[in-house]
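Undergrad: I have a structure here, written as structure tokens, and I will follow up with some questions on it.
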Amino acid sequence: MAKGEKLTGIQKAAILFITLGPDASSGIIKKLPEKDIQKITYEIANIVSVKADQRQAILDEFMEMNKAKDFLLEGGVDYARNLLSKALGNQRAKEILDKVMEETQQYRPFAIARKADAHQLLNVMANEHPQTIALIMCYMQQDKAAQIMSALPLDLQSEVSFRIATMSSISPMVVKEIEKVLDAKLYSVIRTDTTVVGGIESLVGILNQVDRTTEKNITEGLEREDAELAEKIKESMFVFEDIITLDDVAIQRILREVDTKDLSLALKGCSEEVANSIFKNQSKRAAASLKEDMEFLGPVRLMDVEKAQQKIVGILRRLDEAGEIVLSRGGEDALIL
């Protein structure tokens, strides 16, 4: 069984401890959580025999994982990837790094910095030595590091890039000390013990799942409290592209209300699926005429397209409120007989 691929992590650990023997295993296993010790000892007790090649495969994987962790601590993800690729090949290096990153994500250096946004990091890193900036960026997500690099002064970009490219290894103690200083600075600008919750998007997600009566009660209450906020929520609850969720009868009813100029402009910025849902609910002559109007418009401003689409969404909402069409919702609408 190559690398013990069909075994669970607990089973691999049990075979590893059997392979290492009681003296080496006892020092490791006593440092594990109690629940893991119980699971591992249960597996050890129930293993009758282990093939030599399986023991070797799991031992090799254990050594590779630990080597990858050492490389990560010394020089970051890119450093570890390069060394592992040279030793094991690109594919195997990727497999090992993926496992290590998953296991050690919460323990990786600069965990707080990785939670901060690029703007916050740039503010606290701006006056640091180029070598320090380079080290921190090696531990950042690549997209975040790219944002920071782009915002640095041009001369500093070159200096930091050179130091990243030529960085090979660094003492873990130095990494910890830099992380400690950076964390102290970040604590002054961010609250790491809180998460962003709520907002219009969260409420819209809830309202899209409730029944029609509940939604109406909530939106009417919001209108009394804050009419502007209520309008923003209504606009977010149904966008132009959602027209594809309506049945043909509803689309045909909407088309009777929509101005042709608004429709041709709105369709300029939509997907082919949305456009086809409109064309198929028109006569061949009307659909052909609409397509001609769209071509005649040529390039249009995105702002104008969005304005036209919002006008049509307004018609959808008005017809929905009047009960002439029913917009899709996650909850079950009440039936009144």
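The values are calculated or read from the model by the stated rules, or taken from the named source; none is laboratory data. Since the model is a prediction, treat every value here as computed from it, not as a measurement. Neighbour counts are summed over all protein chains in view; Cβ atoms, including those assigned to glycine, are modelled from backbone coordinates with ideal geometry. SASA here: full protein model, heavy atoms, side chains in, ligands and nucleic acids out. Shrake-Rupley method; radii C 1.70, N 1.55, O 1.52, S 1.80 Å.
One line per residue, one yes/no per condition, for (1) over 28 Å from the mean Cα position of the chain (by Cα); (2) surrounded by 14 or more Cβ atoms within 10 Å (Cβ to Cβ); (3) within 23 Å of Arg81 (Cβ to Cβ):
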{"site": "Arg114", "(1), (2), (3)": "no, yes, yes"}
{"site": "His129", "(1), (2), (3)": "yes, no, no"}
{"site": "Ile133", "(1), (2), (3)": "no, yes, yes"}
{"site": "Met149", "(1), (2), (3)": "no, yes, yes"}
{"site": "Leu152", "(1), (2), (3)": "no, yes, no"}
{"site": "Asp155", "(1), (2), (3)": "yes, no, no"}
{"site": "Ile164", "(1), (2), (3)": "no, yes, yes"}
{"site": "Met167", "(1), (2), (3)": "yes, yes, yes"}
{"site": "Ile170", "(1), (2), (3)": "yes, yes, yes"}
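Undergrad: Name the residue that is most open to solvent (accessible area, probe 1.4 Å), counting only residues in the range 268-288 that are in a helix (DSSP H, G or I) and touching a residue at least 24 places away in the same chain (Cβ under 8 Å).
TA: Result: Glu273.
Undergrad: Pick from Ile133, Ile164: which is touching a helix residue (DSSP H, G or I) at 6+ places or on another chain (Cβ under 6 Å), farther than 16 Å from Ala113 by Cα, touching a residue at least 24 places away in the same chain (Cβ under 8 Å) and not in a loop (DSSP other than H, G, I, E, B)?
TA: Result: Ile164 is the single residue among Ile133, Ile164 that is touching a helix residue (DSSP H, G or I) at 6+ places or on another chain (Cβ under 6 Å), farther than 16 Å from Ala113 by Cα, touching a residue at least 24 places away in the same chain (Cβ under 8 Å) and not in a loop (DSSP other than H, G, I, E, B).
Undergrad: Every residue in the range 206-265 that is β-branched (Val, Ile, Thr), open to solvent by 60 Å² or more (accessible area, probe 1.4 Å) and within 30 Å of Ala286 (Cβ to Cβ), please.
TA: Within the range 206-265, Val239, Ile244, Thr245, Val249, Thr260 meet the criteria.
Undergrad: Right, here's the next one. Read through the list (1) part of a loop (DSSP other than H, G, I, E, B); (2) under 32 Å from the mean Cα position of the chain (by Cα), then give the number of the only condition that Ile325 fails.
TA: Failing condition for Ile325: (2).
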